[in-house]
Amino acid sequence: MKLLHWAVGGLLGAILCANLRAADLPQTIMDDPVLLAKTKQELAAGNGPRQAIANLKHDADRLLDLKPASVMNKAKPGPSGDKHDYVSYAPYFWPDPNNPSAPYIRKDGHRNADLVANGDAPAYERTLSAIHTLGLAYYYTGDDRYAQQAAKLARTWFLAPATAMNPNFKFAQAVPNSVSGRGTGLIEDRGLVGCLDGLTLIAGTKYWTPDDDRQMHAWVEKFDVWITTSDEGLAEKAAKNNHGSWYAVQETGLYLYLGKTEKARDVLLAIKERISKQIQPDGRQPLEIARQDGYSYSVFNAQALVTLAQLAQRQKIDLWNYSNTSCPLRAASKNGATISSSASPPHRWFRSSSPLTRPRTTIRTVPGSIWKRTPSSPAIPSWPARNNRIGVYAWAVAGKLAIARSATLCNSPRVAPEAACTAIP
């Protein structure tokens, strides 16, 4: 009987997908437009991931009371003296106990929350996530409250002359008593394209007008010029680890948002070289494993590469099966770059000095074209459930759904790679 139900559900989904017109598709970048529209049609027909939408509404309802934030809220400006400039501080740096006036000392894996709180990063990341969530909630429910709040948050942070952020990250991830800003700070901007998706989903409402949209495009155009020409942006682009991967996600997403498709394609084609250099034949990512918390950073970089593969797929570029000296990204997701559902003890490289705080669940579909619906993992577009961090991934790999949970890498010597990744039939 369950098989019959799923067969009927799959047939209905195919009919709905076939009936989608280009005019029905939202012009989103990070969120798959076809999956968004298909899910909306399924919900209208009384099907679809209703519990997931209920969770989304719950999150959006809580955001209705969120006070709009601004770069003007920080206690003091950065080196420029202009509070409109974004300022943040490197999270893993601490005062030198022997010399308070000396440059701060890096302690990888030990987050200096008090230092970070002095900058704009927490409010900015919260604002980006909120706008994305509210935009999705409006798209699925039509509730004007969500569109109104998303527009208010965006207008305060990006557009209003009295509160708007200057379109640069020159003073991001500063190190006290050392440098006023670093290219690595651009990692804090990785939620911007998702935020732009949220604004796309409320475009045309009375709360986000064509004039608002034009102003936002102008802001993004200036920011895009900065990240692609500044010393800080070019340094981040050259980064060989997860920083370079996430820069590529931003660069691609901003180009697509601005309608610069050929430039986006050039970035995506160059990712093949990054995959070759970052992923070893056995699926390991040496530059991520070298970190204090190799577990989180391996997943974090894999998330960026998977996101790029999704974006590339919509541009008819196959990054999933690309292989040079490394294993293909699809195979790496299964055999090494993902996290195993096994409860085996961590491998020797797992050196975190304190227990990880497991964030709440986030579900992503990978890749959309071979996604298999299961009762435990409904087909819903990627969206941050309660926060932007990774908790549980839904990976569609080689036609099977592999659930990556909080444990050890598949290539741990204690666990056979194929056995480690649980497949749900």
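Looking at 164, 150, 174, 154, which is the one that is small (Gly, Ala, Ser), touching a residue at least 24 places away in the same chain (Cβ under 8 Å) and part of a loop (DSSP other than H, G, I, E, B)?
On the way: 150 fails: part of a loop (DSSP other than H, G, I, E, B); 174 fails: part of a loop (DSSP other than H, G, I, E, B); 154 fails: part of a loop (DSSP other than H, G, I, E, B).
When all the criteria are applied, what remains is 164.
Name, by its number, the condition in (1) surrounded by 20 or more Cβ atoms within 10 Å (Cβ to Cβ); (2) over 16 Å from residue 175 (Cβ atoms); (3) in contact (Cβ under 8 Å) with a residue 60 or more places away in the chain that does not hold for residue 109.
The failed condition is (1).
If you take the residues in segment 256-284 that are in a helix (DSSP H, G or I) and acidic (Asp, Glu), which one is nearest to residue 190 (Cα to Cα)? Before the answer, list the steps.
Residues of segment 256-284 that are in a helix (DSSP H, G or I), as a first pass: 256-257, 261-278.
If we keep only those that are acidic (Asp, Glu) as well, we get 262, 266, 273.
Working: 262: 21, 266: 19, 273: 21 Å.
So, considering only residues that are in a helix (DSSP H, G or I) and acidic (Asp, Glu), the one nearest to residue 190 (Cα to Cα) is 266.
Among the residues of segment 275-284, are any buried (at least 21 other Cβ atoms within 10 Å of the Cβ), farther than 16 Å from residue 254 by Cα and in contact with a strand residue (DSSP E or B) (Cβ under 9 Å, 6 or more places away or on another chain)? Can you show your working first?
Looking only at segment 275-284, we keep the residues that are buried (at least 21 other Cβ atoms within 10 Å of the Cβ), and these are 275, 278-279, 283-284.
Applying the additional criterion that residues be farther than 16 Å from residue 254 by Cα yields 275, 278-279, 283-284.
The next check asks that each one be in contact with a strand residue (DSSP E or B) (Cβ under 9 Å, 6 or more places away or on another chain); those that pass are 283-284.
Yes, segment 275-284 contains a residue that is buried (at least 21 other Cβ atoms within 10 Å of the Cβ), farther than 16 Å from residue 254 by Cα and in contact with a strand residue (DSSP E or B) (Cβ under 9 Å, 6 or more places away or on another chain).
Looking at 49, 33, 122, 91 in this structure, which one is within 23 Å of the chain's Cα centre (by Cα) and modelled with pLDDT under 90?
Numbers: 33 fails: modelled with pLDDT under 90; 122 fails: modelled with pLDDT under 90; 91 fails: modelled with pLDDT under 90.
Criteria check complete, one pass: 49.
Is it the case that residue 130 is in the same structural domain as residue 194 (by TED's automatic domain parsing), within 26 Å of residue 157 (Cα to Cα), touching a residue at least 12 places away in the same chain (Cβ under 8 Å) and outside any loop (DSSP other than H, G, I, E, B)?
Details: in the same structural domain as residue 194 (by TED's automatic domain parsing): yes; within 26 Å of residue 157 (Cα to Cα): yes; touching a residue at least 12 places away in the same chain (Cβ under 8 Å): yes; outside any loop (DSSP other than H, G, I, E, B): yes.
In short, yes.
Would you mention how many residues in segment 186-207 are among the small types (Gly, Ala, Ser) and either surrounded by fewer than 24 Cβ atoms within 10 Å (Cβ to Cβ) or touching a strand residue (DSSP E or B) at 6+ places or on another chain (Cβ under 9 Å) (or both)?
Filtering segment 186-207 down to residues among the small types (Gly, Ala, Ser) leaves 191, 194, 198, 203-204.
Checking the rest, the ones that are also either surrounded by fewer than 24 Cβ atoms within 10 Å (Cβ to Cβ) or touching a strand residue (DSSP E or B) at 6+ places or on another chain (Cβ under 9 Å) (or both) come to 191, 203-204.
Qualifying residue count for the region: 3.
Is it true that residue 287 is buried (at least 23 other Cβ atoms within 10 Å of the Cβ), assigned to a helix (DSSP H, G or I) and of a type in the set (A, V, I, L, M)? Show your work before the answer.
Details: buried (at least 23 other Cβ atoms within 10 Å of the Cβ): no; assigned to a helix (DSSP H, G or I): yes; of a type in the set (A, V, I, L, M): yes.
Judged against the criteria, residue 287 is not a match.
The values are calculated or read from the model by the stated rules, or taken from the named source; none is laboratory data. Fair warning: this is a prediction, and the values are worked out from it, not measured in the lab. Every residue, glycine among them, receives a Cβ derived from its backbone with ideal geometry; neighbour counts consider all protein chains shown.
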